[in-house]
1. Quick one: which of LYS263/LYS480; LYS168/LYS263; LYS79/LYS480; LYS189/LYS263; LYS404/LYS559 span more than 27 angstrom between C-alpha atoms?
2. How big is the Kirkwood radius of segment 379-490, worked out from every pair of different alpha carbons and given in Å to one decimal?
3. When the helix-only estimate is applied to the chain (DSSP H runs of n ≥ 4, each -39,500 (n - 2.57), divided by the residue count), what is the mean residue ellipticity at 222 nm, nearest 500 deg cm²/dmol?
4. Convex hull over the Cα atoms of the chain, averaged projected area in nm²?
5. How much length is gained on full extension from PHE205 to LEU550, taking 0.36 nm per residue of separation minus their Cα-Cα distance?
6. Which Cys in the chain stand alone, with every other cysteine's Cβ at 4.7 Å or more from theirs?
7. Straight-line reach only, C-alpha to C-alpha below 14 angstrom: list the aspartates and glutamates that LYS583 could link to, leaving out same-chain residues fewer than 8 apart.
8. ³J(HN,Hα) across segment 376-384 via Karplus (A = 6.51, B = -1.76, C = 1.60, θ = phi - 60°), whole Hz, x for Gly/Pro?
Amino acid sequence: MQESERPEREQWANKREFLLSCISMAVGVGNVWRFPFVALENGGGAFLIPYLLVLIFIGKPMYYLEFCMGQFPSFGSVKVWELSPAFRGVGLGQVFCTWAVSTFYVMLMALCVFYFFASFSSALPWSVCGEWAGPACVDAANNASSTANTTFDTGNTTFHITNSTSSKTSAAEEYFMNEVLHIDYNGFKNGLGMPDWRLVLCLLFCWITVFVVQAKGVRSSGKVAYFTALFPYLVLFIMLIRGVTLPGAGVGVLYFITPRWEKLLDPGVWYAAVEQAFFSLSIGFGNIIMLASYNRFHNNVYLDATLITAIDSLTCLLAGFITFAILGHLANLLGVGVEDVVQGGGTALAFISYPDVLGRFQVAPQFFSVMFFLMMFTLGLGSAVPYIGVIITAICDQFPSTSKWWVTLAVCVISCTVGLVYTTPQGQYILTLVNYYAGGVSIILLMVLELVGVVWVYGLRRFILDIQFMLSRETGLYWKVCWGIFNPIFLIVVFIYSRVIASPLTYGSYVFDNVATGVGIGLTVVAALMVPVMFVVELHKIYTTTSPKLKHALLDVFKPTDQWGPKDTTLRREYYQFLSSKKEGLRNSQ
């Protein structure tokens, strides 16, 4: 396609909508749900040091890099690899992983919808031990324990739980596991159960909402960002005030902020920090590239990256203080350590600890519960919309004449259908697999390849010149060292070591068997295979069209295509003049 044939691309209505959309994406369930859970798993305060270091030396540089990658050519995460077609499979792999993660993000929204409607009960259903509760259940309303023996039917195996005072669980935990999820404690041994019709309806509502927000592109999603980015902070500060005033909250907060120095020698903690930074900021998923691609060419993404990464990290800390204050209170109530309060996965933290403290509100608990789950829904929506936007943008970039409305509808329908697996009794096990392999392992691998493609193949010097032309600013030593040396080497080491010491994946006390683990590994394999497959495709395309000699085609597949550069014709002409002047200046200096 010649530069004059490149279609007009929609842009953000104003700078505020872009910033709020980025904040809404970054400040999502990854902060309120995932960060406290990862911190809890990795020693509380011990996790803060590697997390903050990773944020400074990896998170912020990578965020800025992806902003520049998207804004400079006005392309999404697949088309952006016009800068080096050999790596186009990296973009496709990211699209696949982003789609997989988006399916469970919307499921988290569906759980919020379920709790939202349950909050209108005369008494919050998880505040008392109902018929779904076991004998060890601790009543949030009066701290009483259930006295009846309880039988749980989990398929082929029946668990009979007798009254015991040595092991207690909160009513919120029993409600989530037994009433909401109807979880099969045998995992995948009985295959997949039938979807729960209530969760299916909630999931359908969420996907309809995502479609409505996304159908008109950034013009509609940008307007929604005013609410999804700002409203959650009102509820978070309310929860903070209530959380720190609960008995035992101080113990939880101290656990959160007290560093355990020996943990810094555990590579697993550093890997978790990298994974959390990527997940929270959405680095490596293509979201940042996609959002920036709708910017005006000279927009100051340097300032944007600094602002958004700072807000994201502060929100993680805010959510951490809230969650650990609540966990400290629950530990005090149940007579266990902070690290032993919640035994389930990450969703357990969002749908057990938070609801439990809501059940202890003395004034209008229903109101605050409605507000909280509305907040959680908006956080999920703010994250899910750009995730889905990555897939839609990738398709529309490749097929610009296709109606975005129909592409959005097709993506949402297919995703909703796939998402039905999360509404089964095995849904949380599937979510854990997808989160770990598609949202963690695969993304870090693709991020390494993205860095190699940009700074080692396309060239760090050329990339810096692109930034200079776009922003009229020099790139400092900090960015050069992070991009060119530290980031790729550190991520390669962390990825390799994490695979060497990897242990079987678990959800609570359930250990995933070889078959389930193989399915998870398959997600990573699919994402990774797109890189060599697309390399062969691009090589063949160049070989049959422009470079009939294989030697020349092998060189050309790593070079930028004629579509790389600013989309505006005048800017493109000025850009190549700028590059020529820089090359001339370099020759004269030699």
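The values are calculated or read from the model by the stated rules, or taken from the named source; none is laboratory data. Here the structure is a predicted model, which means the values were calculated and not measured. Note: ideal-geometry Cβ built from the backbone for every residue, glycine included; neighbour counts use all protein chains shown. Surface areas here come from the heavy atoms of the whole protein model, side chains and all, with no ligands, DNA or RNA. Shrake-Rupley method; radii C 1.70, N 1.55, O 1.52, S 1.80 Å.
1. LYS263/LYS480; LYS168/LYS263; LYS189/LYS263; LYS404/LYS559
2. Value: 17.5 Å, from the Cα pair sum.
3. Helices in the chain give a 222 nm mean residue ellipticity of -19500 deg cm²/dmol.
4. Directional mean of the projected Cα hull area for the chain stands at 27.1 nm².
5. Residue separation times 0.36 nm, minus the Cα-Cα distance, leaves 119.0 nm.
6. CYS22, CYS68, CYS97, CYS112, CYS202, CYS206, CYS316, CYS396, CYS412, CYS416, CYS482
7. Within the straight-line limit of under 14 Å, LYS583 reaches these aspartates and glutamates: ASP466.
8. With coefficients 6.51, -1.76 and 1.60, one gets 4, 5, 5, 4, x, 5, x, 8, 5 Hz.
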